[in-house]
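Structure record follows, encoded as structure tokens.
The values are calculated or read from the model by the stated rules, or taken from the named source; none is laboratory data. Keep in mind the model is a prediction, meaning the values are calculated, not measured. Glycine also receives a Cβ, built like all others from the backbone with ideal geometry; neighbour counts cover every protein chain displayed. For accessibility, only protein heavy atoms count, side chains too; no ligands or nucleic acids. Shrake-Rupley method; radii C 1.70, N 1.55, O 1.52, S 1.80 Å.
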Amino acid sequence: MIKDKYYPQEIEKKWQKHWDETKLNKVYNDKEKEKYYILSMLPYPSGKLHMGHVRNYTISDVIARYKRMNGYNVLHPMGWDSFGLPAENAAIQHGANPKKWTLDNIAYMKQQLKSLGLMIDWDREVTTCLPEYYKWTQYFFIQMMKKGLAYKKEAAVNWCNNCATVLANEQVIDGKCWRCDGEVEKKYLSQWFLKITDYAQELLDDIEKLKGWPDSVKTMQKNWIDRSTGAILRFKVKEIEGLEVPVYTTRPDTAYGITYLVVAPEYKDIEKLTTPENKAAVEAYRQNARRMSEIERLSTERIKTGVPLGTHLINPLNGEEFPIWTADYALAEYGTGAVMAVPAHDERDFDFAKKYNLPIKIVIQNPDNPIDELKEAYTEKGVLVNSGDCNGIDNEKAKQIIIEKAEKGGFGEAKVQFRLRDWLISRQRYWGTPIPVVYCPKCGTVPVKEEDLPVLLPEDVDFSVKGMSPVATSETFKHTTCPVCGGPAERETDTMDTFMCSNWYFYRYTDARNQNAPFDKDILHYWAPIDQYVGGIEHAILHLLYSRFFTKALRDLGIINIDEPFKNLLTQGMVLKDGSKMSKSKGNTVDPDEIYANYGADTARLFILSDSPPNRDFDWTDAGVEGCYKFLNRLWRIYSEYQDIITLDYKLPDISSLSKQNNDLVRQVHMMIKKVSQDIANEFQFNTVISKYREFTNVIYDYLNNKKEFSEEDKQVYSYAVITFIKLFAPVLPHMSEELYEGLGGKDSVHKLEWPKYDEALAKTSTITLVVQINGKVKDKIEVDAELSKENLEKTALASEKIKELTTGKQVVKVITVPGKLVNIVVK
RNA sequence: GCCUUGGUGGCGGAAGUGGUAGACGCGUUGGACUUAAAAUCCAAUCAGGGUCAAACCUGGUGCCGGUUCAAGUCCGGCCCAAGGCACCA
């Protein structure tokens with residue numbers, strides 16, 4: 001029996017419990033079946049679910065359920081990206097235990113996810129902060145270290161004062177910390193890096209293979225990696241025998257126009273290059289550059305500054321001498337940290353030369369419009385002048401010629417340069433995966449033995465320390481023995497960037513409880529790569545680039561044999577309220593728990609999919625939720641009020657024998673199956689899928705309103721229509737569909753049923769509306785048989801009274817007929 | 001400055017390869033049911049003109065032009081918004 005009224009709270013709890021007990025969502029590694037791996041980005045357990053989560057997981061859940069009904073063995077797992085600073089801040093501010101704080105949050109949010117009715121096999125849950133997981137993060141680190149992919153070096157790094165830790169380049173947004181928005185400054189520290197730059201070219205090339213990724217994300221990654229081709233040129237220092245300054249340039253064609261050279265304030269040989277007279281000024285300039293925050297330094301508005309070092313270089317092409325300056329517009333980390341300045345043909349150099357009265361030498365001219373004096377840098381194409389034996393050569397050709405000269409003369413060569421830098425993974429924080437390394441006075445830096453993993457996070461730490469990792473306050477952790485010689489040694493006290501945990505978690509899901517390995521290779525290769533990944537655009541560079549890199553690194557370590565982790569990517573839009581992003585500070589958040597309590601999870605699921613396509617921003621409105629709830633009640637009634645005439649084992653009579661009304665209803669069912677299936681296949685356009693549910697509901701109401709009593713045929717056809725309908729909305733409304741199906745006498749779960757198929761011949765109406773145009777303007781609409789031939793369509797159109805009237809006295813030049821659609825009559 | 005994605009009623013948004021612009025919903029208005037309200041059901045709803053009411057006519061998808069029998073869709077040139085990158089030599 002189906003109850004008169006729809007009580008979502010009651011039925012949702014009932015079915016969630018039932019699914020748990022019957023293990024409906026248990027996933028088996030069944031290699032006989034075709035797999036489908038659908039993944040949502042795992043949440044950080046901040047405390048409570050927000051609407052962005054609800055949207056993300058509803059999208060992937062509907063896809064998962066749809067694929068399951070289509071016969072796939074579907075993996076749709078969930079886990080927790082549970083290391084990170086908020087847990088540690090809770091420890092510092094409220095004396096909480098980070099582990100307890102995190103696990104409590106996970107428990108709460110897990111219950112919230114269950115309340116949303118997600119189809120998840122919780123036996124595969126992954127929690128990145130637990131030793132059973134981070135053991136393998138450490139294991140991968142050691143493998144990378146052995147191959148030279150993880151290394152330690154002293155470098156100028158980004159330091160967030162607020163978070164008291166270093167950050168990766170990708171985590172500095174507009175000169176500020178990605179997490180706390182605090183100002184970032186430069187520090188010199190010895191830190192662990194991963195050699196992502198070894199993969200720069202492959203990461204760039206393979207973007208082409210990512211056919212199922214949005215262009216926006218691909219472009220962002222391309223720009224981030226940013227390959228450029230140019231040359232290295234080396235210049236001898238006039239005053240110091242044997243010392244050279246190399247530069248990287250994309251414009252070797254302008255090398256005859258060099259009038260000075262700039263090195264970054266952090267340039268390694270800067271002290272050697274500074275003459276005693278200039279020392280004081282240079283030192284002051286460097287101090288100042290060091291103090292300046294990233295924001296100030298990166299500002300393009302800023303007027304360029306610099307000071308001369310007092311030494312000179314010799315241009316091997318023409319023997320000219322030019323001075324060396326230091327200026328902070330040269331970046332220590334890019335190229336060689338030194339820039340050859342050609343003010344005539346580079347905007348920055350031009351500004352700088354103007355300010356300090358440095359010479360500007362034109363070496364490229366537009367042959368059609370040569371000029372003697374520049375008002376701004378000329379960066380366009382042209383022909384070389386003032387360039388010795390290169391004069392008259394096209395500047396594009398000159399690039400190659402000058403590189404060849406440099407190679408012959410031994411002062412340079414061609415070079416490909418990337419903007420991408422190595423990934424800094426050390427963090428001076430507690431709540432992260434310990435870097436499994438030991439420093440031995442005799443043996444140096446050595447990895448922990450694999451059999452000694454995991455290196456556990458210590459518990460006897462002091463969170464109140466400043467300027468160092470709390471891990472370093474644990475005496476029991478710090479002192480250890482060397483894995484090589486057994487002598488006394490110290491542990492690395494830095495932990496890893498949390499993005500280290502999240503760049504391989506999706507492989508762990510395939511074999512989450514494995515104690516002996518990160519995963520079984522056979523099982524992994526059954527499931528991987530991920531068929532569909534769903535998550536926020538904010539990870540376009542960070543997580544998605546790191547994960548791609550990690551997959552390639554694991555491949556080269558012989559651990560896996562795939563090149564790319566994610567075949568298809570769906571970046572879902574933000575959830576807005578009143579036109580802006582939901583946030584606590586704006587006070588426009590909506591609590592999922594409240595929505596569950598007032599309307600139920602099915603309403604929340606329906607609404608969050610209904611108004612916008614998944615990849616666009618979604619505007620949350622209270623009226624919209626209300627409207628969805630009303631719709632569910634309306635939907636409920638087509639079952640509850642007519643349950644007497646609905647039978648699960650209906651027998652659909654032969655279509656040609658049906659009454660017009662029943663024939664139409666059957667056709668409508670086929671049309672709906674077709675539309676819904678197509679819209680899901682076409683980039684998961686759930687908003688139009690839901691509009692089809694509503695249209696079909698309207699069709700059912702029309703049908704019912706025109707009936708006083710039901711014949712045997714009516715009962716069979718109605719049963720067929722509404723039972724097919726349940727299957728079509730089951731992925732979106734898992735609880736309601738289950739309850740209705742049970743109420744009609746269904747024995748097993750509705751979610752085990754097969755997705756309905758449609759018959760192309762039946763998925764169209766018997767008549768169509770023929771549009772008749774004159775000169776492209778609609779003038780008449782005629783109901784005609786759908787199968788009418790082209791000639792007959794034309795005849796029918798011309799026979800129309802209205803058309804006859806409008807064409808009298810005019811000459812019909814041409815008639816264009818589009819079968820099934822329209823006839824356009826061209827007249828003069 | 002460069003790159004990406006967008007711009008359609010009062011609002012969210014529909015319109016495979018060019019072929020009825022505005023599906024579906026929200027909102028609004030009217031009607032039915034009710035003592036009444038809520039809920040529900042039915043209907044209307046791009047703008048302007050026209051009519052007692054209709055029939056009907058005209059304009060309309062950011063702007064300007066083009067291709068075509070036919071343009072929201074294709075081409076050229078702009079404008080605006082959001083997001084990304086940005087002293088990368």
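Filter the GluC sites (Glu not before Pro) in region A:736-794 to those in DSSP coil with at most 11 other Cβ atoms within 10 Å of their Cβ, and list the result. Let's see the in-between values first.
Working: sites: A:GLU738, A:GLU739, A:GLU742, A:GLU754, A:GLU760, A:GLU783, A:GLU787, A:GLU791, A:GLU794; in loops: A:GLU754, A:GLU760, A:GLU787.
Loop-located and lightly packed - A:GLU754, A:GLU760.
State, to one decimal in nm, how far the label point of A:LYS13 lies from the label point of A:ALA107, with both points 7 Å from Cα in the Cβ direction.
2.0
Which distance in nm do the two modelled labels at A:ASN705 and A:LYS449 give, with both placed 7 Å along the Cα-to-Cβ direction?
8.1
Mind listing the phi-derived Karplus ³J(HN,Hα) values for region A:229-241, rounded to whole Hz, using 6.51, -1.76 and 1.60 with θ = phi - 60°, and x for any glycine or proline?
Those phi angles translate into 10, x, 8, 9, 10, 10, 10, 7, 7, 5, 7, 10, 4 Hz.
Output the pairs from A:LYS674/A:LYS781; A:LYS100/A:LYS209; A:LYS147/A:LYS521; A:LYS114/A:LYS727; A:LYS584/A:LYS674; A:LYS99/A:LYS752 with a Cα-Cα distance over 31 Å in this structure; if there are none, say none. Don't jump to the answer; show the numbers that get you there.
Details: A:LYS674/A:LYS781 26 Å; A:LYS100/A:LYS209 43 Å; A:LYS147/A:LYS521 21 Å; A:LYS114/A:LYS727 22 Å; A:LYS584/A:LYS674 42 Å; A:LYS99/A:LYS752 39 Å.
A:LYS100/A:LYS209; A:LYS584/A:LYS674; A:LYS99/A:LYS752, as the Cα separations exceed 31 Å there.
How do the peptides A:133-145, A:304-316, A:596-608, A:384-396 rank, highest first, by the average count of neighbouring beta carbon atoms within 10 Å per residue?
Working: A:133-145: 21.5, A:304-316: 19.5, A:596-608: 23.6, A:384-396: 16.2.
The peptides rank, most packed first, as A:596-608, A:133-145, A:304-316, A:384-396.
For Cα pairs less than 8 Å apart in space and 6+ apart in sequence, what is the mean separation divided by the residue count of region A:364-498, i.e. the relative contact order in percent? Mind dumping the intermediate values first?
Numbers: 193 pairs, mean separation 29.5, N = 135.
Computed over region A:364-498, the figure is 22 percent.
In whole Hz, with x marking every Gly and Pro, tabulate ³J(HN,Hα) for region A:102-118 from phi via Karplus 6.51 cos²θ - 1.76 cosθ + 1.60, θ = phi - 60°.
5, 5, 5, 4, 4, 4, 5, 5, 5, 5, 5, 5, 5, 5, 7, x, 6
How about A:LYS715: which aspartates and glutamates have a C-alpha closer than 12 Å to its C-alpha, ignoring those fewer than 8 places off in the same chain?
Correct list for A:LYS715: A:ASP644, A:ASP649.
With the crude spin-label approximation of a point 7 Å out along Cα→Cβ, what separation in nm comes out for A:ASP556 versus A:ASP622?
5.7
For region A:693-795, take every pair of Cα atoms, bin their distances at 10 Å starting from 0, and report each bin as a whole percent.
Percent of Cα pairs in each bin: 11, 30, 28, 18, 11, 3.
Dipole size in debye (nearest 20) for chain A around its Cα centre, Lys and Arg Cβ +1, Asp and Glu Cβ -1? Let's see the in-between values first.
Numbers: 110 positive and 118 negative charges, 150 e Å.
Dipole magnitude for chain A comes out near 720 debye.
Could you work out the relative contact order of chain A? I mean the mean sequence separation of Cα pairs under 8 Å and 6+ apart, divided by the number of residues, in percent. It would help to have the intermediate numbers written out before the result.
Numbers: 1487 pairs, mean separation 120.7, N = 828.
Computed value for chain A: 15 percent relative contact order.
Peptides A:542-550, A:93-101: what's the order by average Cβ count within 10 Å, highest mean first?
For the peptides A:542-550, A:93-101, the packing ranking is A:542-550, A:93-101.
If N is the number of residues in chain A, what value comes out of its Cα radius of gyration divided by 2.2 N^0.38 Å? Show your work: numbers first, answer last.
Details: Rg = 34.4 Å, N = 828, 2.2 N^0.38 = 28.3 Å.
Chain A yields a ratio of 1.22.
Can you list the lysines whose alpha carbon sits under 20 Å from that of A:LYS779, skipping same-chain ones fewer than 8 residues off?
Leaving aside lysines fewer than 8 places away in the same chain, those within reach of A:LYS779 are A:LYS790, A:LYS795, A:LYS802, A:LYS804, A:LYS810, A:LYS814, A:LYS821, A:LYS828.
Hey, got the dipole for region A:64-143? About the Cα centre, +1 on K and R Cβ, -1 on D and E Cβ, debye to the nearest 20?
Details: 9 positive and 7 negative charges, 59 e Å.
Taking the Cα centre of region A:64-143 as origin, the dipole is about 280 debye.
Given the options A:TRP636, A:VAL625, A:LEU665, identify the residue whose Cα lies farthest towards the positive end of the charge dipole of region A:623-691 (+1 on Cβ of Lys, Arg; -1 on Cβ of Asp, Glu).
Sorting the options by dipole projection puts first A:LEU665.
Collect residues whose amide H, placed 1.01 Å from N in the peptide plane, falls under 5 Å from the amide H of A:ASN73; neighbours closer than 5 in sequence don't count.
Those qualifying (amide H under 5 Å, at least 5 residues apart or on another chain) are A:GLU34, A:LYS35, A:TYR36.
Roughly how many percent of the accessible protein surface of chain A is carbon and sulfur, given a 1.4 Å probe and a whole-percent answer? Don't jump to the answer; show the numbers that get you there.
On the way: 17970 of 36730 Å².
Percent of accessible area from carbon and sulfur atoms in chain A: 49.
Ranked highest first by the average count of other Cβ atoms within 10 Å around their residues, in what order do A:58-64, A:450-456, A:17-23, A:806-812 fall?
Working: A:58-64: 25.1, A:450-456: 14.6, A:17-23: 12.6, A:806-812: 11.0.
The most tightly packed comes first, giving A:58-64, A:450-456, A:17-23, A:806-812.
If you take every residue apart from A:MET220 with its C-beta less than 12 Å away from the C-beta of A:MET220, what net charge results, scoring Lys and Arg +1 and Asp and Glu -1? List each step's numbers first, then the result.
Details: positive: A:LYS218, A:LYS222; negative: A:GLU170, A:ASP215, A:ASP226, A:GLU538.
Neighbourhood net charge equals -2.
Computed over the Cα atoms, what is the radius of gyration of region A:649-738 divided by 2.2 N^0.38 Å, N being its residue count?
Working: Rg = 13.7 Å, N = 90, 2.2 N^0.38 = 12.2 Å.
With N residues counted in region A:649-738, Rg over 2.2 N^0.38 Å equals 1.12.
Need the list of lysines near A:LYS187 for cross-linking: C-alpha distance under 21 angstrom, and skip anything on the same chain fewer than eight residues off.
Filter leaves A:LYS152, A:LYS153, A:LYS176, A:LYS195, A:LYS268, A:LYS466.
Each residue of region A:543-558 in order: what ³J(HN,Hα) in whole Hz does its phi give by Karplus 6.51 cos²θ - 1.76 cosθ + 1.60, θ = phi - 60°, with x for Gly and Pro?
Karplus-based 3J(HN,Hα) across region A:543-558 equals 5, 6, 6, 4, 5, 5, 4, 4, 4, 5, 5, 4, 4, 6, 7, x Hz.
In whole percent, what relative contact order does region A:1-77 give with Cα contacts below 8 Å and a gap of six or more residues? Walk me through the numbers on the way to the answer.
On the way: 47 pairs, mean separation 30.7, N = 77.
Relative contact order of region A:1-77: 40 percent.
Could you please state, rounded to a whole Å, how far the C-alpha centre of region A:53-118 is from the C-alpha centre of region A:745-820?
The two parts, judged by their Cα centres, are 50 Å apart.
In whole angstrom, how far apart do the alpha carbon centroids of region A:326-400 and region A:651-699 sit?
Taking the Cα centre of each part, region A:326-400 and region A:651-699 sit 67 Å apart.
Write down the accessible area per residue of chain A in Å², having rolled a 1.4 Å probe over the full set of protein chains.
Numbers: 36730 Å² over 828 residues.
Ligands and nucleic acids excluded, the result is 44 Å² per residue.
Between A:ILE816 and A:GLU283, what is the FRET efficiency for a Förster distance of 60 Å, r being their Cβ-Cβ separation, to the nearest 0.05? Please list the in-between numbers first.
Details: r = 81 Å, r/R0 = 1.36.
About 0.15, to the nearest 0.05.
Dipole of region A:400-443 (Lys/Arg Cβ +1, Asp/Glu Cβ -1, origin at the Cα centre): which of A:TYR430, A:PHE411, A:ILE401 lies farthest to the positive side?
The residue sitting most towards the positive pole is A:TYR430.
Which value at 222 nm does chain A reach when only helices count, each DSSP H run of 4 or more adding -39,500 (n - 2.57), with the total divided by all residues and rounded to the nearest 500 deg cm²/dmol? Walk me through the numbers before you get to the answer.
Values: 26 runs with 299 residues, N = 828.
Taken over chain A, the calculation gives -11000 deg cm²/dmol.
What's the magnitude of the charge dipole for region A:658-762 around its Cα centre, counting Lys and Arg as +1 and Asp and Glu as -1 at the beta-carbon? Answer in Debye, nearest 20. Intermediate results must be reported in sequence, preceding the final value.
Numbers: 13 positive and 16 negative charges, 28 e Å.
Rounded to the nearest 20 debye, it is 140 debye.
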